[in-house]
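The structure under discussion appears below in the form of structure tokens.
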Number of protein chains: 2
Amino acid sequence: MPDLDLLPSDLPVVRTVADLRAQVRAWRAQGLTVGLTPTMGALHEGHLSLVRLARTRTDRVVASLFVNPTQFAPHEDFEAYPRDEAGDAALLASAGCHLLFAPGVEEMYPAGASTTVTVTGVTASMDGLARPSHFPGVATIVTKLLNQCAPDVAVFGEKDFQQLQVIRRLAADLDLPVEIMGAPIVRAADGLALSSRNAYLDTEQRAIAGRFNLILVEGLARLRRDVAVSDVEAWAVAELLTAGFDRVDYVEARTPADLGRLGPGPAQGPTRLLAAAHIGRTRLIDNMGD
Amino acid sequence: MPDLDLLPSDLPVVRTVADLRAQVRAWRAQGLTVGLTPTMGALHEGHLSLVRLARTRTDRVVASLFVNPTQFAPHEDFEAYPRDEAGDAALLASAGCHLLFAPGVEEMYPAGASTTVTVTGVTASMDGLARPSHFPGVATIVTKLLNQCAPDVAVFGEKDFQQLQVIRRLAADLDLPVEIMGAPIVRAADGLALSSRNAYLDTEQRAIAGRFNLILVEGLARLRRDVAVSDVEAWAVAELLTAGFDRVDYVEARTPADLGRLGPGPAQGPTRLLAAAHIGRTRLIDNMGD
């Protein structure tokens, strides 16, 4: 049997791949199916919706908690990224999660680790340009987590829409025997997409952030009215700056599945409008579509 | 049940991942273990030794046959690479193989495939320099084959020693639940390492090729006598050219596990002597060690 610690929330936690596999093997021996929801902790209702979705599809749900250093650039917020394992465990337990996998960095990247998974195509734009080392870091850790847990279903949020397409791509291309599910974005009352990084915002910044989703709603409506893609993108950038954002990395209308470019004329067919913008030192992303 | 063609040799062959998985699942349901020996066909006694080794460790042995285009550079011999599926199947059957997995290029690389597995460190020298696109191609196809078949054990020949270390590395780093086994080099009567590319050699070239292993034997003996690594490497390069090789890509003494550099002074500890050299348009590799 795996070595299970009990956190105050009574959610079992394992810290090694061997213990994770032992628990999954025990479930499989009982004929149970397994879901996985990878997280970096600092959990909010968006993460819990992933756990609940996984529960509707599988008998047992594992949540992983690992703040993955390789998907942060040196100047990004790896050190500052919020960490509260006990609080996260209590939230996961409340959402019906069955097991927390919370490995240390040495367990995930032992000395000598030197393999990277890279995805071209869907990473060639947007966050792939703004954060060049980000998606190789994501693709590698997700490949590892999927192989470590070997779930039937893995659930990822659509808030990180480009990441979701990267993960769908690598799972197909590397023949991982898992179903990748996307889960809808969970939003605050004013429509702001829930994000662990929202915790960085002060009151004034939080008010500005609340405008982000409204500008995308209006941008999507303009695309539906056959306004040219390039005009909508330029309009949304200007609106974000007017709203108080300090810098806009991108606003782009793309095909949902392969994130191909639309426009410059009116968008044809399914469209996703994706954006990233900064308020002070905080970078927010959001997206919206069919 | 999978869709099994029978070749004239009566060896069942599957051509899709779905059929491969169906057969492996059927075996697993009977409690049988599974071994995999990936090949590019043009089989010789070296490959058959891998099948036999896999049989000593597992109940059922799958051989894959796929000439992987992504591990050949444009100027290399992908088109000319020898192909004889019926002959290969007969040899595999004679060695006790249970199933041939022989997919087409479209099955392995469907439209849109855009994921690559890269390994640094062990690929930073020798064939990783001489053939820059080679190991990413190997690492990606092997990751795919291991995920497609999900064997308990996979066997690779030590003739491609650097490749073996790349595969050990990616299997560990990506947490593939498989044991990677190396199999000793099988040699002709004069000591030439068996290789599908030996078929390219004419009689005169074949005689020159037979000197390759003897020079490595003597090089290794010199390393054992505490001759400086850099002197042994330079001596071996000169000997190969004297023997009639037209060009030497490298002769290098390395640590076996991580292929780290030894020398320039006498070699300390376990040592592998690896070399690549050309006769006419044919490139041969060999290695020897503790």
For the stretch B:173-222, the count of residues that are in contact with a strand residue (DSSP E or B) (Cβ under 8 Å, 6 or more places away or on another chain), among the polar types (S, T, N, Q) and closer than 17 Å to B:PRO82 by Cβ equals 3
Near pairs, Cβ below 8 angstrom, 6+ apart or cross-chain, from the stretch A:11-39 (within 14 Å of another protein chain (Cβ to nearest Cβ) and over 23 Å from A:THR56 (Cβ atoms)) to any residue that is among the acidic types (Asp, Glu) and in a helix (DSSP H, G or I):
A:THR16/A:GLU107; A:VAL17/A:GLU107
Taking the stated definitions as given, is A:THR70 β-branched (Val, Ile, Thr), assigned by TED's automatic domain parsing to the domain that holds A:GLY137 and farther than 17 Å from A:ARG197 by Cβ?
yes
Evaluate the stretch B:113-120: report whether one residue or more is within 12 Å of chain A (Cβ to nearest Cβ), modelled with pLDDT of 95 or more and under 27 Å from B:LEU48 (Cβ atoms).
no
Quick one: would you say B:VAL155 is assigned to a strand (DSSP E or B), surrounded by 24 or more Cβ atoms within 10 Å (Cβ to Cβ), aliphatic (A, V, I, L, M) and in contact with a helix residue (DSSP H, G or I) (Cβ under 6 Å, 6 or more places away or on another chain)?
yes
Being closer than 24 Å to A:THR123 by Cβ and not small (Gly, Ala, Ser) narrows A:ASP246, A:ASP258 down to just A:ASP258
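Which members of the stretch B:237-258 meet the condition of being out of contact with any strand residue (DSSP E or B) (no Cβ under 8 Å at 6 or more places or on another chain), crowded, with 17+ Cβ neighbours inside 10 Å and of a type in the set (A, V, I, L, M)? Full working, then the answer.
Of all residues in the stretch B:237-258, those out of contact with any strand residue (DSSP E or B) (no Cβ under 8 Å at 6 or more places or on another chain) come to B:238-239, B:242-243, B:257-258.
Still in the running and crowded, with 17+ Cβ neighbours inside 10 Å: B:239, B:243.
Listed by number, the list holds a single entry, B:ALA243.
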For A:GLY263: the one exception among (1) in the same structural domain as A:GLY280 (by TED's automatic domain parsing); (2) modelled with pLDDT of 95 or more; (3) crowded, with 18+ Cβ neighbours inside 10 Å
(2)
Are there any pairs with C-beta distances below 8 angstrom linking a residue in the stretch A:111-124 that is in the same structural domain as A:GLN162 (by TED's automatic domain parsing) and closer than 18 Å to A:ASN147 by Cβ to a residue that is modelled with pLDDT under 95 and in a loop (DSSP other than H, G, I, E, B), with the two at least 6 apart or on different chains, and if so which?
A:GLY112/B:ASP258
In the list A:ASP10, A:ASP59, A:ASP88, A:ASP77, which residue meets the criterion of being more than 26 Å from A:GLY182 (Cβ to Cβ) and either modelled with pLDDT of 95 or more or not aliphatic (A, V, I, L, M) (or both)?
A:ASP10
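For B:ASP173, indicate whether it is more than 14 Å from chain A (Cβ to nearest Cβ), at pLDDT 95 or above and buried (at least 20 other Cβ atoms within 10 Å of the Cβ).
It is false that B:ASP173 is more than 14 Å from chain A (Cβ to nearest Cβ), at pLDDT 95 or above and buried (at least 20 other Cβ atoms within 10 Å of the Cβ).
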Evaluate the stretch B:195-215: report whether one residue or more is touching a Ser or Thr at 6+ places or on another chain (Cβ under 7 Å), among the charged types (D, E, K, R) and either within 12 Å of B:ALA253 (Cβ to Cβ) or touching a residue at least 24 places away in the same chain (Cβ under 8 Å) (or both).
yes
Checked the stretch B:152-184 for anything more than 14 Å from B:PHE135 (Cβ to Cβ) and among the acidic types (Asp, Glu); matches are B:ASP152, B:GLU158, B:ASP175, B:GLU179
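Please pick out the residue among A:ILE215, A:ILE167, A:ILE180, A:ILE185 that is within 14 Å of chain B (Cβ to nearest Cβ), within 30 Å of A:PRO266 (Cα to Cα) and either modelled with pLDDT of 95 or more or buried (at least 18 other Cβ atoms within 10 Å of the Cβ) (or both). Quick ask: steps written out before the conclusion?
Numbers: A:ILE215 fails: within 14 Å of chain B (Cβ to nearest Cβ); A:ILE180 fails: within 30 Å of A:PRO266 (Cα to Cα); A:ILE185 fails: within 14 Å of chain B (Cβ to nearest Cβ).
Among A:ILE215, A:ILE167, A:ILE180, A:ILE185, only A:ILE167 is within 14 Å of chain B (Cβ to nearest Cβ), within 30 Å of A:PRO266 (Cα to Cα) and either modelled with pLDDT of 95 or more or buried (at least 18 other Cβ atoms within 10 Å of the Cβ) (or both).
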What residue, among those in the stretch B:129-157 that are more than 12 Å from chain A (Cβ to nearest Cβ) and within 17 Å of B:ARG283 (Cα to Cα), is nearest to the chain's Cα centre (by Cα)?
B:HIS134
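For the stretch A:257-290, how many residues meet the condition of being without any contact (Cβ under 8 Å) to a residue 60 or more places away in the chain and out of contact with any helix residue (DSSP H, G or I) (no Cβ under 8 Å at 6 or more places or on another chain)? Explain how you work it out, then say what you get.
Taking the stretch A:257-290 and keeping what is without any contact (Cβ under 8 Å) to a residue 60 or more places away in the chain, we get A:260, A:262-271, A:273, A:278, A:290.
When the remaining residues are screened for being out of contact with any helix residue (DSSP H, G or I) (no Cβ under 8 Å at 6 or more places or on another chain), the result is A:260, A:268-270, A:278, A:290.
Here the count works out to 6.
The values are calculated or read from the model by the stated rules, or taken from the named source; none is laboratory data. What you are looking at is a predicted structure, and each value in this text was computed from that prediction instead of being measured. Cβ: placed from backbone, ideal geometry, glycine included. Neighbour counts: every protein chain shown.
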